[in-house]
Structure formats: C-alpha cells, structure tokens
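Asker: Next up is a structure, given as structure tokens.
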Amino acid sequence: MYQIRTYNKISDKGLSRFSKDQYNVGEDVGQPDAVILRSQKLHNEPLPESVLGVARAGAGVNNVPVEEYTKKGIVVFNTPGANANAVKELVLAGMLLGSRGILQGKDYVNTLGDMTDAGEMSKLLEAEKKRFAGSELAGKKLGIIGLGAIGSMVANAALALDMEVLGFDPALSVEAAWRLSSNVRRMESVQALLSQVDYVSLHVPAIEATRNLINAETLSVMKPNAVILNFAREAIVDASAVVEALNAGKLGQYICDFPEPCLIGHDKVVALPHIGASTAEAEENCAVMAANQLMDFLENGNIVNSVNFPHTVMARGEGGCRITFTNENVSGVLGNVLSVFAANNVNVIDMVNKSRNDVAYNILDLAEKPSEDVIAALKAVEHVISLRVI
Ligand SMILES: NC(=O)c1ccc[n+]([C@@H]2O[C@H](COP(=O)([O-])OP(=O)(O)OC[C@H]3O[C@@H](n4cnc5c(N)ncnc54)[C@H](O)[C@@H]3O)[C@@H](O)[C@H]2O)c1
Ligand SMILES: O=C(O)[C@H](O)COP(=O)(O)O
C-alpha cells in the first residue's frame, strides 16, 4: 500500500485517481511515500525520511525547499500549464478593473441605499457617472515579463483585444515560443519594456533573479499612469516602492493577487487573496496531473514534469524486477553499479540513465529480483543517494 500525505484543498477528481486498494491518502498519513500539496510552505516542515516524491498541484514551487530535497534524492514535481487559463482569465479581469471604473462605480452605487425614488436615483447616476469613466484596452501597450504557460496565453488574449503586446523572457523555451503569436514584440530588457507600456503583467517564477524585479529603480522608468498586474508572486514586487510611486503620482495602479499590509485600503490598489488558480477547472487539472505523475513515479519509477530531476521514462518490458536509483552526478557511478550486477550474475535487460545538474537518475529492468545482499551492495556504491526496488 502506498502512503500519500495531502496538504491544502486538493480536488477530489485528482485524489480519486489513487485507487483505494493500492493507496492510503490523507492529511494524517504518518510515513508517506509521497506528498501532494498546493501552497503549503514546506521550508520549516520536517519531512519524514520515507518521502520519495513531492507533487505541487500548481506551477510555483517557491513553497518547497527544492535544493534541500534534491540532495536527499526527493523528486519534486509541478503541473506546468494546468492552471494557466484560470490565471489568464483573472489577469484579463484585472486589466478591465484597471481600465474602467468598475469597482469605484459599484462602491458608489452601494452608497445610495437610503434612496427610495427610482427616478431620482437614475437622475443622480446619470449626473455622477462621469466620475467613473475609463479608457479602452484596445490600442494600449501591454508588456509581459515571462512568456511561459501563463504569459503566452495572456499575450495571445491581449492581441485578440487589439492591444499591442511587448514581451521579455530571456529563457523562453522552444515549446513556449511555439505557443506565442509572432505579433508579440520581443524586448531586450525589462527597462526597455517598462518604459513603453501602459500595462505590465508579470509571469515569472519567484527565484533569486526575479526578487524585487519591480523596485524603485525599475518603477522610475514607467509612465505615470501605467498599471502593474502581479499575478505571479509577492516577492517579485517591492510593494513599499509601489506604494511610494502610487502616492507620488508616478504610477497609475497596482493590481495583484498578493495583498501585503502596506497595500490594504489604498485607493489605487486592487489586491485579491491569491485566487489566480482558484477555479474548479484549474484545481481539477492540477490535481489530476499531479496524481498521475506521482502514481507513474511510485509504480514505475518514471519522472515527468519534475523541477529538479531529469525527465526519465522507460516503458515496462519483460523484466521481472525494476530498480531505480539516484546518484550524485559524478563519473563512474553507473559503471560501479553495473559491476555489482555483473559480479552477482544479475542480468540487466533494459536501462536508462539521465542527469540534471547535480543528480543523475537511473531506471533498470532486471531479469529477476536481486537478493537482499545485492541490494545492500548497490546501496553502498559510492555516490548512490537512494535506491528503490519496484
Ligand atoms: N496567482 C496564482 O494563483 C498563480 C497561478 C499559477 C502560477 N502563478 C505564478 O506564475 C508563475 C509563472 O507560471 P507559468 O505557469 O507561466 O510558469 P512557466 O514556467 O510556464 O513560465 C515562466 C516563464 O518565466 C520565464 N522567466 C524566468 N526567469 C525570468 C526572468 N528573470 N525574466 C523574464 N522571464 C523569466 C521563463 O523562461 C518562463 O518562460 C509561477 O512560477 C507562479 O509563481 C501564480
Ligand atoms: O503557483 C501556482 O500554481 C499558484 O500560485 C496557485 O496556488 P494555489 O494552488 O495555492 O491556488
């Protein structure tokens, strides 16, 4: 029986992928083989030694200590693109909130609760509505920083709204480039993009290189009425610098999914409670993808959509036993492991060996299950981090 510990609200559609006769799934599972979570921060959470894999049902993995887990041989997965449409739709809503007096108009209307005469009300509204006039998105310039799953969808949708779209992403993957309209104008720097746009939408991961990407210096090149949309992460924007720019009339609005104390109540800020991926569809997509990836990993050793391990997949063949092992990515380890098999007359039928940065991962199908002594000898090979018999 595999043990899966859950954190956060994971969609039942995903959890029901784990068959009841093979998996025990729940928040209180004691010795988990794997963990499935959303935004739960794991940095200060002691992780049981039994954990082999952690699946983030979502995109951002800044809530998982990936580097530390890599050293322990723990595979971390995410679900690329599974919630991108939900975020794209909320970004579009954010741009509309930034361009029209929707929230201000609604708040004003709600102050008229004491009025009883519909005719009087109508007259008043027609006189007051000029205070809530806005501008159209069509013809405006949108800059997008990070053109991955979400950024590319936002770009294409904005083009369909007749916006002019400028993009910056120095590490754009070939796959993302294929998804992106050729009408997106490629910018060479964040500064060059920021200096031209009416709206900027951030879609980069929270990593060291993107910490405070929006700060006093980058804000200083922006148009005074520009709108910043941050549906990526809190750490990417220096919120106090944003408030200063808003107060000084050097920035138009800040619309984000990450409220901070300094933003609350500011009339040029719309802050939502991290609901970018909170749609039934996105929650299901993420949970199903995360569950499928974990099952394939636990049952077959395959690794798909990991953020720290190489993509490694080998079809199940005739072999009587499958072994997977992780080792430090130094030369000679695989040779030493194969020598153990050779010395013990264990026939290797098929194998795959892949590496990524400091780790290498291997799947080997053997004619039959090796003895406990052979398995112990394999685990003792220098630089082998972990080994599993499936
Ligand atoms: N608000 C929400 O609920 C919500 C939901 C999903 C994702 N997110 C956040 O959005 C981020 C992006 O999600 P995604 O699915 O598009 O991820 P993704 O990996 O598909 O795309 C990220 C893109 O950012 C680019 N990038 C990395 N560093 C960069 C830099 N310094 N400058 C410019 N571009 C850079 C990458 O090359 C990649 O193309 C996630 O990491 C997560 O933090 C938030
Ligand atoms: O990175 C993500 O996928 C989002 O921030 C979604 O977070 P959530 O799963 O907690 O809604």
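The values are calculated or read from the model by the stated rules, or taken from the named source; none is laboratory data. The structure presented is a predicted model; accordingly, all values stated were derived computationally and were not measured. For neighbour counting, all protein chains shown are included, and Cβ atoms are generated from backbone atoms with ideal geometry for every residue, glycine included. When the accessible area is computed, the model is the full protein with side chains, heavy atoms only, and any ligands, DNA or RNA have been set aside. Shrake-Rupley method; radii C 1.70, N 1.55, O 1.52, S 1.80 Å.
Asker: Residues of the stretch 369-388 being among the aliphatic types (A, V, I, L, M) and under 31 Å from the mean Cα position of the chain (by Cα), which ones?
Answerer: VAL384, ILE385, LEU387
Asker: Moving to a separate point now. Which residue, of ASN247, ASN215, ASN300, is open to solvent by 20 Å² or more (accessible area, probe 1.4 Å) and closer than 30 Å to VAL389 by Cβ?
Answerer: Sole residue among the options that is open to solvent by 20 Å² or more (accessible area, probe 1.4 Å) and closer than 30 Å to VAL389 by Cβ: ASN300.
Asker: Can you pull out every residue in the stretch 339-368 that is under 31 Å from the mean Cα position of the chain (by Cα) and small (Gly, Ala, Ser)?
Answerer: Answer for the stretch 339-368, where residues must be under 31 Å from the mean Cα position of the chain (by Cα) and small (Gly, Ala, Ser): SER355, ALA360.
Asker: Identify the single condition in (1) small (Gly, Ala, Ser); (2) without any contact (Cβ under 8 Å) to a residue 40 or more places away in the chain; (3) assigned to a loop (DSSP other than H, G, I, E, B); (4) within 16 Å of ligand 1 (Cβ to nearest atom) that ALA93 does not satisfy, given that it satisfies every other one.
Answerer: Of (1) small (Gly, Ala, Ser); (2) without any contact (Cβ under 8 Å) to a residue 40 or more places away in the chain; (3) assigned to a loop (DSSP other than H, G, I, E, B); (4) within 16 Å of ligand 1 (Cβ to nearest atom), only one is false for ALA93: (3).
Asker: Would you mention how many residues in the stretch 49-87 are under 30 Å from ASP267 (Cα atoms) and more than 13 Å from ligand 2 (Cβ to nearest atom)?
Answerer: Within the stretch 49-87, residues that are under 30 Å from ASP267 (Cα atoms) and more than 13 Å from ligand 2 (Cβ to nearest atom) number 0.
Asker: Identify, please: which residue in the stretch 272-287 is touching a helix residue (DSSP H, G or I) at 6+ places or on another chain (Cβ under 6 Å) and open to solvent by 40 Å² or more (accessible area, probe 1.4 Å) and is, among those, farthest from ligand 1 (Cβ to nearest atom)?
Answerer: Among those that are touching a helix residue (DSSP H, G or I) at 6+ places or on another chain (Cβ under 6 Å) and open to solvent by 40 Å² or more (accessible area, probe 1.4 Å), it is GLU284.
Asker: On to the next question. Within the stretch 292-304, is even one residue within 16 Å of ligand 1 (Cβ to nearest atom), assigned by TED's automatic domain parsing to the domain that holds ALA93 and within 24 Å of the chain's Cα centre (by Cα)?
Answerer: Scanning the stretch 292-304, I find no residue that is within 16 Å of ligand 1 (Cβ to nearest atom), assigned by TED's automatic domain parsing to the domain that holds ALA93 and within 24 Å of the chain's Cα centre (by Cα), so the answer is no.
Asker: Could you tell me whether the stretch 331-346 includes any residue that is open to solvent by less than 40 Å² (accessible area, probe 1.4 Å), more than 29 Å from LEU15 (Cβ to Cβ) and in contact with a Pro (Cβ under 8 Å, 6 or more places away or on another chain)?
Answerer: Within the stretch 331-346, one or more residues are open to solvent by less than 40 Å² (accessible area, probe 1.4 Å), more than 29 Å from LEU15 (Cβ to Cβ) and in contact with a Pro (Cβ under 8 Å, 6 or more places away or on another chain).
Asker: Do we find a residue being in a loop (DSSP other than H, G, I, E, B) and either acidic (Asp, Glu) or in the same structural domain as TYR69 (by TED's automatic domain parsing) (or both) anywhere in the stretch 328-338?
Answerer: So far as the stretch 328-338 goes, no, none of its residues is in a loop (DSSP other than H, G, I, E, B) and either acidic (Asp, Glu) or in the same structural domain as TYR69 (by TED's automatic domain parsing) (or both).
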